[in-house]
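Student: Here it is, the structure in full.
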Amino acid sequence: MRTAIIITGMVQGVGFRPFVYRLAMRHKLRGFVKNQMGGVRVEVEGSDAAVDGFLGELPSSKPPMARIDSMRIETLAPGNDADFQIIASEGGAVAEDFVPPDVGICAECLEELFDPGNRRWRYPFITCMNCGPRLTLIQAMPYDRERTTMAAFPLCPLCRAEYENPANRRFHAETTCCAACGPRLQLLDGAGRPIEVDDPIERVAEEILAGRIGALKGLGGFHLACDARNEGAVAELRRRKMRDEKPFAIMAADLDETAKLCESGEDEKRLLNSPRRPIVLLRKRAGAGVAESVAPGNPWLGVMLPYTPLHCLLLRQAGIPLVMTSGNGRDDPIVYQNAWMREKLGGLADFVLTHNRAIESRCDDSVMRASGGRERPLRRARGYSPAPIPLPAECPFPILALGGQMKSVFALGRGARAIVSHHLGELDHPEAFRGFTEALERYERLFRFEPEWLVHDLHPDYASTIYAAERARRDGLHCVAAQHHHAHIASCMVEHGLTKPVIGVAFDGTGLGTDGTVWGGEFLVADYNSFERAAHFRCVAMPGGEAAIRQPWRMGFVHLRDAGESTAEMCEGISPRALSVLARMAEAGINSPRTSSCGRLFDAVAAMLGVRRRAVSYEGQAAIELEWLALQTAGDKSYPFTLESGAPMVIDTRPIIASVARDLRDGTAKNKIARRFHSTICELTARVCIELRQKFRVNEVALSGGVFMNSALAQELPARLAREKFNVFQHAQVPPNDGGLCLGQLAIAAAATRKPLTASEELIP
């Protein structure tokens, strides 16, 4: 008998068909493999033992970037095949929602790169079917060389022979090339003039070791690089980028080099060395030898391994860890086109190492944590996007979800899959918004996507909301809003395939609530169709609105006043007149929206402890530094709090603030206070969830929102809830911050299509 295997998942454009061919040949099977819409079809026949062996190896030894979502096996009548073949796809058989992400250099290519006997020895663009750029060079689908930026490089006879040989790992690898037919490096000075040199990589290493700053063209854009050990070079890079304290990422040559810099467990090592090669947050070793300005005051380092052959050559040549940060000035998106080098990088880099392979789409590096055997995404970009994420229910027609304002990401919903874009930055700035619209147009073209519905955040002033309204009017599309925290919880539910109501714990900085106040410390009982705000933190004013986010002392001031505590130390250096004006603003609600934000509560406690009082230089800095302080000691107790019954229940934070103030007066160590505060957040969350379980008969808890970027909370809270026998769900595919909003918006909109909309939900007629 003949066996058919119908496979769905990420199995197109990742070397899956050549892998099946080689596996079938090894087991001496006859038949074929071909692409079909939504996946791959394999038909094999041979001895029972051979077919069983083939089926046993198929899922376990698949290519590194392949993902099998399902395998259906059918028995057929025998065929008349003489051998096994890779056959052409049927017309329209290429799945339009499978554009493969970029992949870090594989072990085989790395071995060839440093093999003097190999014809690609030290060639900085070596790739095969298992590695190399994908998203960043694809211009149109289906994914063939003529529809990529590699079309400019016709294959030489030797590369052509590999490309056409099914037994070769470069069979139909669209990025196949060598020094005779592929891209070439070019070294330029800071003014963009060519520098003639025999070995550009050797020269770049010399320049970096001499303390200079270079720009290097990577997969999704330019990096700025310098010696990570050289305090002067790193400080100068900060000055040029106008980046005061936000950490830089570094690139280390390999896991052995990483171990000298940071502590890392098996989870971190696997993630670092995975084909995706993200930046991974690791605890810095004492005396690691990295310049303090790489991550000022930070116990963590963001480390990645080389993911292109160019990086591998440079790291080996230099022999040191390098700062490797995005090639852009403050608030600008990453530079990715050669035409922009002189204008955008001229004042940032002393030299530029570029090449003549065009980047079709800019894409930043992904940032991850690893814990409990799982990845914890902080920024989803290179290596991950645009791999599809399954939806729990189908979109009946194409839906575009536009995300929020910060950590901007959009999602295309078609059928039962979501295509989640790579990270696009903050939309406050015109250049970033232009990058957002360009990326959106490209994704729609690439995936042949024409939305019929748009879904956006409830906040009317977000750039993504304004875009949605304007486009809906222009194109006659249906447009709906999704409440910010409902979308957070829905995104976590989607990741885990949850369809029944959950207790959603949504902790973040800001998000417009349905009552017009700023939410952020929310307990929702929610499914995709609706939610009930079952509990929240006590509301206080945000004096000055956005200014209260930039200046944590303002939140400390209002929380202390609310708790009846002295604000004298908090406001030292602030004039009495300014404080009087601020108090009147808060009391009258003048430019002082009411907020239940957990993130702003963290800011208030950080300001009380003097961790970060006057101003922050990047988003979330006060809360991040409060977390660092807390991690310096073990927990011993939590502070008191009060739950005020009602609908919704209110968590009275005044006892917490009063207890922090008392500990400060008593001279308690600040790291112990910070730890007690974190333990309090965990304890009150557990208590509220217990109350809501009794009321709503729901035992599943979904954790989402930017506060769960906090590693102490992300580990301690699930453990605390598990002790109460809750089923706890955290993010593992999209970030808990606003980078995951669009996935939740998509699920909410898909649910809305299955029920009548009220007039209030229809924002655009």
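The values are calculated or read from the model by the stated rules, or taken from the named source; none is laboratory data. Values in this document were obtained by computation on a predicted structure and should not be read as measured data. Using ideal geometry, Cβ is built from the backbone for each residue, glycine included, and neighbour counts are taken over all protein chains shown. In case anyone asks, the SASA skips ligands and DNA or RNA and just uses the protein heavy atoms, side chains included. Shrake-Rupley method; radii C 1.70, N 1.55, O 1.52, S 1.80 Å.
Student: Once Lys and Arg get +1 and Asp and Glu get -1 on their Cβ, which of SER597, GLY635, PHE222 lies farthest toward the positive end of the dipole of the chain?
Tutor: With unit charges placed on the Cβ atoms, the residue in question is GLY635.
Student: Using only Cα atoms, find the angle between the long axis of helix 48-57 and the longest principal axis of the chain, and express it within 0 to 90 degrees, rounded to the nearest 10.
Tutor: The angle comes out near 40 degrees.
Student: Please report the orientation-averaged projected area of region 173-313, defined via the convex hull of its C-alpha atoms, in nm². Intermediate values should be presented prior to the final figure.
Tutor: Details: hull surface 40.0 nm².
Computing the convex hull of the Cα atoms and averaging its projections yields 10.0 nm².
Student: So, with +1 on the Cβ of K and R and -1 on the Cβ of D and E, and no other charges, what is the size of the charge dipole of region 161-250 about its Cα centre, to the nearest 20 debye? It would help to have the intermediate numbers written out before the result.
Tutor: Details: 14 positive and 15 negative charges, 91 e Å.
I would put it at about 440 debye.
Student: Here's something else I'd like to know. Given axes a ≥ b ≥ c from the Cα gyration tensor, I'd like to know whether region 465-526 is rounded (a/c under 1.5), prolate (a/b larger than b/c) or oblate. All intermediate terms of the calculation are to be shown ahead of the outcome.
Tutor: Numbers: a/c = 2.89, a/b = 1.51, b/c = 1.91.
It is oblate, given that a/c is not under 1.5 and a/b is not larger than b/c.
Student: Still on this structure: When ranked by the protection proxy of mean other Cβ atoms within 10 Å per residue, highest first, what sequence do the peptides 374-384, 389-399 form? Walk me through the intermediate numbers first.
Tutor: Details: 374-384: 23.6, 389-399: 18.1.
With the highest mean Cβ count within 10 Å placed first, the list reads 374-384, 389-399.
Student: Would you mind calculating the gained length between SER530 and ASP198 on full extension (0.36 nm times residue separation, minus the Cα-Cα distance), in nm to one decimal? Provide the component values of the computation, followed by the final result.
Tutor: Details: separation 332, 0.36 × 332 = 119.52 nm, distance 6.44 nm.
Extra length from SER530 to ASP198 when fully extended: 113.1 nm.
Student: Related question: Heavy atoms only, probe 1.4 Å: what % of the accessible area of region 205-276 goes to carbon and sulfur, would you let me know?
Tutor: On the way: 1260 of 2830 Å².
Of all accessible area on region 205-276, carbon and sulfur atoms account for 44 percent.
Student: Label 7 Å along Cα→Cβ of ALA140; region 351-375 residues with amide nitrogen under 20 Å?
Tutor: 358-362
Student: Return one whole number: the accessible area per residue of region 295-343 in Å², for a 1.4 Å probe. Don't skip to the end; give the middle numbers.
Tutor: Numbers: 1600 Å² over 49 residues.
Computed with neighbouring chains in place, this is 33 Å² per residue.
Student: Further question on the same structure: Tell me which residues come under 5 Å, amide H to amide H, from GLY511 once H is placed; ignore anything under 5 positions away on its chain.
Tutor: TRP519
Student: Compute the FRET efficiency between GLU587 and ARG240 as 1/(1 + (r/R0)^6), taking r as their Cβ-Cβ distance and R0 = 45 Å, and round to the nearest 0.05.
Tutor: Details: r = 44 Å, r/R0 = 0.98.
The computed FRET efficiency comes out at 0.50.
Student: By its C-alpha gyration tensor, with a ≥ b ≥ c as the square roots of the eigenvalues, how is region 469-606 shaped: rounded for a/c under 1.5, else prolate for a/b larger than b/c, else oblate? Intermediate results must be reported in sequence, preceding the final value.
Tutor: On the way: a/c = 3.02, a/b = 1.82, b/c = 1.66.
It comes out prolate by the Cα gyration axes.
Student: Compute the acute angle (0 to 90°) between the alpha-carbon long axis of helix 463-475 and the principal axis of greatest extent of the alpha-carbon atoms of the chain; round to the nearest 10°.
Tutor: The angle comes out near 60 degrees.
Student: Modelling each spin label as a point 7 Å along the Cα-to-Cβ direction, I'd like the GLN632/ARG67 distance in nm, to one decimal.
Tutor: The answer from the label model is 4.0 nm.
Student: Sticking with this one: Run the numbers on region 656-727 and let me know its relative contact order in percent, using alpha-carbon pairs under 8 Å that are six or more apart. Show your work: numbers first, answer last.
Tutor: Numbers: 31 pairs, mean separation 25.2, N = 72.
About 35 percent, as a whole number.
Student: Could I ask something else about it? Please compute the alpha carbon radius of gyration of region 577-665, then divide it by the globular-protein estimate 2.2 N^0.38 Å. Two decimals is fine.
Tutor: This ratio for region 577-665 stands at 1.25.
Student: Right, next: How would you order 727-736, 296-305, 362-371, 478-487 from highest to lowest mean count of nearby Cβ atoms within 10 Å? Please report the intermediate quantities before stating the final value.
Tutor: Details: 727-736: 21.4, 296-305: 19.9, 362-371: 23.2, 478-487: 26.0.
Result, highest mean first: 478-487, 362-371, 727-736, 296-305.
Student: Mind ranking 575-588, 437-450, 612-625 by how tightly packed they are, going by the mean number of other C-beta atoms within 10 angstrom, highest first? Can you show the working numbers first?
Tutor: On the way: 575-588: 13.6, 437-450: 16.5, 612-625: 19.1.
Highest to lowest by the protection proxy: 612-625, 437-450, 575-588.
Student: Right, here's the next one. Over region 639-765, with the other protein chains present, what is the accessible area per residue in square angstrom, probe 1.4 angstrom? Let's see the in-between values first.
Tutor: Working: 4890 Å² over 127 residues.
Normalised by residue count, the accessible surface of region 639-765 is 39 Å².
Student: Further question: Counting alpha carbon pairs within less than 8 Å and at least 6 residues apart, what relative contact order, in whole percent, applies to region 576-663? Please report the intermediate quantities before stating the final value.
Tutor: Numbers: 53 pairs, mean separation 15.1, N = 88.
Relative contact order of region 576-663: 17 percent.
Student: Lys/Arg Cβ at +1, Asp/Glu Cβ at -1, dipole of the chain taken about the Cα centre: which of ILE87, PHE248, LEU158 is farthest positive-ward?
Tutor: Result: PHE248.
Student: Find the all-direction average of the projected area of the Cα convex hull for region 393-435, expressing the result in square nanometres with one decimal place. Walk me through the numbers before you get to the answer.
Tutor: Details: hull surface 12.4 nm².
Reported value for the Cα convex hull: 3.1 nm².
Student: Using 0.36 nm times the number of residues separating LYS269 and ASP83, minus their current alpha carbon distance, what extension gain do you get? Before the final figure, lay out the partial values.
Tutor: Values: separation 186, 0.36 × 186 = 66.96 nm, distance 4.16 nm.
Roughly 62.8 nm would be gained on extension.
Student: Still on this structure: Ignoring ligands, DNA and RNA, please state the percent of accessible area on region 454-510 from carbon and sulfur, probe 1.4 Å. If you can, show how the numbers build up before the last one.
Tutor: Numbers: 870 of 1760 Å².
For region 454-510, the apolar C and S fraction of the accessible surface comes to 49 percent.
Student: Compute the FRET efficiency between ARG662 and ASP254 as 1/(1 + (r/R0)^6), taking r as their Cβ-Cβ distance and R0 = 60 Å, and round to the nearest 0.05.
Tutor: On the way: r = 50 Å, r/R0 = 0.84.
So, using R0 = 60 Å, E works out to roughly 0.75.
Student: Report the Rg/Rh value for region 609-765, based on alpha-carbon coordinates and the Kirkwood definition of Rh.
Tutor: On the way: Rg = 18.7 Å, Rh = 18.1 Å.
Over the Cα atoms of region 609-765, Rg/Rh equals 1.03.
Student: OK, next. Express in nm, to one decimal, how much length is gained between ARG160 and ALA179 on full extension, taking 0.36 nm for each residue of separation and deducting their alpha carbon distance. Could you put the intermediate results ahead of the total?
Tutor: On the way: separation 19, 0.36 × 19 = 6.84 nm, distance 1.36 nm.
Roughly 5.5 nm would be gained on extension.
Student: While we're looking at this one, here's another question. Once neighbouring chains are kept in place and the probe is 1.4 Å, which whole percent of the accessible area of region 572-682 is contributed by carbon and sulfur? Walk me through the numbers on the way to the answer.
Tutor: On the way: 2350 of 4650 Å².
Of all accessible area on region 572-682, carbon and sulfur atoms account for 50 percent.
Student: Ok, one more. How tilted is helix 200-209 with respect to the longest principal axis of the chain? Cα atoms for both, answer in degrees (0 to 90, nearest 10).
Tutor: 30 degrees
Student: Taking the solvent-accessible surface of protein heavy atoms with a 1.4 Å probe, what is the per residue accessible area of region 112-164 in Å²?
Tutor: Values: 2070 Å² over 53 residues.
Ligands and nucleic acids excluded, the result is 39 Å² per residue.
Student: Then there's this: Consider a paramagnetic label point 7 Å from the Cα of GLU57 along Cα→Cβ; state which residues of region 6-32 have an amide N under 18 Å from it.
Tutor: 15-32
Student: Tally Lys and Arg at +1 and Asp and Glu at -1 over the other residues with C-beta under 10 Å from the C-beta of LYS672: what net charge comes out?
Tutor: Working: positive: LYS637, LYS670, ARG675, ARG676; negative: ASP636, ASP663.
Neighbourhood net charge equals +2.
Student: Give me the compactness ratio for region 231-279, meaning the Cα radius of gyration over 2.2 N^0.38 Å. Present the calculation step by step, with values, prior to reporting the outcome.
Tutor: Details: Rg = 13.7 Å, N = 49, 2.2 N^0.38 = 9.7 Å.
Rounded to two decimals, the normalised Rg is 1.41.
Student: How far is it, in nm, from the label point at ASN727 to the one at ARG119 when both lie 7 Å from their Cα along the line to the Cβ?
Tutor: Simple spin-label model gives 5.6 nm for this pair.
Student: Which value, in debye to the nearest 20, describes the size of the charge dipole of the chain about its Cα centre when Lys and Arg Cβ atoms bear +1, Asp and Glu Cβ atoms bear -1, and nothing else is charged?
Tutor: Approximately 680 debye in magnitude.
Student: Let me ask something else about it. Tell me, what is the percent relative contact order of the chain, built from C-alpha pairs under 8 Å that lie six or more residues apart? Display every interim value, and only then the final one.
Tutor: Details: 1724 pairs, mean separation 85.5, N = 765.
The value is 11 percent.
Student: Using only the alpha carbons of the chain, what is the convex hull's orientation-averaged projected area in square nanometres? Mind dumping the intermediate values first?
Tutor: On the way: hull surface 139.4 nm².
The directionally averaged projection comes out at 34.8 nm².
Student: Based solely on its DSSP helices, what 222 nm [θ] is calculated for the chain when runs of n ≥ 4 H residues each add -39,500 (n - 2.57) and the sum is averaged over all residues, nearest 500 deg cm²/dmol? Walk me through the intermediate numbers first.
Tutor: Details: 21 runs with 235 residues, N = 765.
Dividing the helical sum by the residues of the chain leaves -9500 deg cm²/dmol.
Student: Then there is this: Using the basic label-point model (7 angstrom from Cα toward the beta carbon), what is the LYS500 to MET1 distance in nanometres?
Tutor: According to this spin-label approximation, the distance is 3.7 nm.
Student: To continue, here is another question. Compute the FRET efficiency between GLN694 and GLU546 as 1/(1 + (r/R0)^6), taking r as their Cβ-Cβ distance and R0 = 25 Å, and round to the nearest 0.05. Walk me through the numbers before you get to the answer.
Tutor: Details: r = 39 Å, r/R0 = 1.55.
For R0 = 25 Å, the calculated efficiency reads 0.05.
Student: Of LYS217/LYS344; LYS241/LYS344; LYS217/LYS246; LYS695/LYS725, which ones are farther than 18 Å apart at the Cα? Please report the intermediate quantities before stating the final value.
Tutor: Numbers: LYS217/LYS344 13 Å; LYS241/LYS344 11 Å; LYS217/LYS246 22 Å; LYS695/LYS725 16 Å.
Pairs exceeding 18 Å: LYS217/LYS246.
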